[in-house]
Amino acid sequence: MEKKKRNFIPRRRMHPTPSMLLRKDTPLHPKSRKKNKYEPEVMKMYKLDDDMYKMFSRLAGRVTSLVRSIDSLPLESERRKKCTNTLIDELYDYGVIPSKLVTLKELEGFPASAFARRQLWVICCKKRLGDSYMTAVKHITGAHIKVGLRPLLDPTFFVNRKLENTVRWNPLSPIRRKILEFEGNFDAYEVDEGFEPDHVLETLCEIEPDDILDPTTAFHQTEQELIIDKRKMMDNPFSRLPQFKNLGELWEFQQNSMFSVTKVPSGIVIRMNEPFATQFYEMSHKTPMRTKDQKLIRIPAPPGSKLDIIRRKREDRRRTERRESNLYPTI
């Protein structure tokens, strides 16, 4: 039997640029990001997609950057103590750290998994409201679980420490009805009407906009504490100038702050800072008795230096050439 030939449709050859973008090894591909060695384990354990892990890793990176900036402050300063207390309070309110007895060294390599543990389905498993990920997601999407005063249908909702105590079964849920029947605490009237005990109702609260995690405004209080002094300095620039005890300290400050040295690929560039630059320019253009440096508008070389010796030799050579040209004039 002869094999039937399939109808082969010739395909036009792809341009090299889009074909290159289809590979995952290229840097322009969205999945070619360099991954941490713990990233696949965390994503698998807490059922995270790429965007969720990026958000949690950025929050963890912001914590580490804040810790570094606080660590750069002086040890015994009040500003450092205030910033550390505000940062630890915010982390404790988010529920990311177990207690407030934490030091800055313990917060240096802050993990992204600490934020991933605050998802609603993880807390449901922690509170025995579900055995596994699948059962917890079924209970959440089926409106069997309440957070605050209303049921939530998002299993990836970030639950802070304030809302953690309000995660419970929905009073009208049939699963809660079966649990009460099994425990022997079943009351048909209370279950049908959705009554809850008084000690539970006292702790309930509505979900406010501040309770929803926003990565753009997270740790805003600590950032404000860190930039208070910078704002004061920008409002009053004269506060940045040091206080001088005598004229000698003022003269040293002027000599050290008169010139700024910047490194460039070709060498070093020396510039004169303000207000010395304008004073030097006025002196060089308005005064009748001017030095060579003021005439050429250049920085004076320190006496005895190599640059000073070179300039003096050059001036002596030009002076002798001028004198010889006057003795033997050209006819």
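The values are calculated or read from the model by the stated rules, or taken from the named source; none is laboratory data. Just so we're clear, the structure is a prediction, and the values are computed from it rather than from any experiment. Backbone-built Cβ (ideal geometry, glycine too); neighbour counts: all protein chains shown. Note: areas computed on protein heavy atoms with side chains; ligands, DNA, RNA excluded. Shrake-Rupley method; radii C 1.70, N 1.55, O 1.52, S 1.80 Å.
Once amide H atoms are built 1.01 Å from N in the peptide plane, which residues 5 or more positions from residue 168, or in another chain, come under 5 Å H to H? The list, which skips near neighbours in sequence, is 146.
Counted over all Cα-Cα pairs of the stretch 79-162, pairs farther apart than 22 Å make up 37 percent.
Loop-only chymotrypsin sites (Phe, Trp or Tyr not before Pro) in the stretch 123-196, please: DSSP not H, G, I, E or B, and at most 15 other Cβ atoms within 10 Å.
Those satisfying the criteria are 186, 195.
Where nothing but the Cβ of Lys and Arg (+1) and of Asp and Glu (-1) is charged, how large is the charge dipole of the stretch 80-131 around its Cα centre, in debye to the nearest 20? Don't skip to the end; give the middle numbers.
Working: 10 positive and 6 negative charges, 26 e Å.
Computed charge dipole of the stretch 80-131: roughly 120 debye.
Per residue, the average separation of C-alpha pairs within less than 8 Å and at least 6 apart gives the stretch 66-202 a relative contact order of 17 percent. For the stretch 122-198, the solvent-accessible area works out to 58 Å² per residue, with a probe of 1.4 Å and every protein chain left in place. Counting Lys and Arg as +1 and Asp and Glu as -1 over every other residue whose Cβ lies under 15 Å from the Cβ of residue 211, the net charge comes to -3. Kindly provide the GluC sites (Glu not before Pro) of the stretch 68-114 that DSSP labels as loop, not H, G, I, E or B, and whose Cβ sees at most 11 other Cβ atoms within 10 Å. Answer in residue order: 76.
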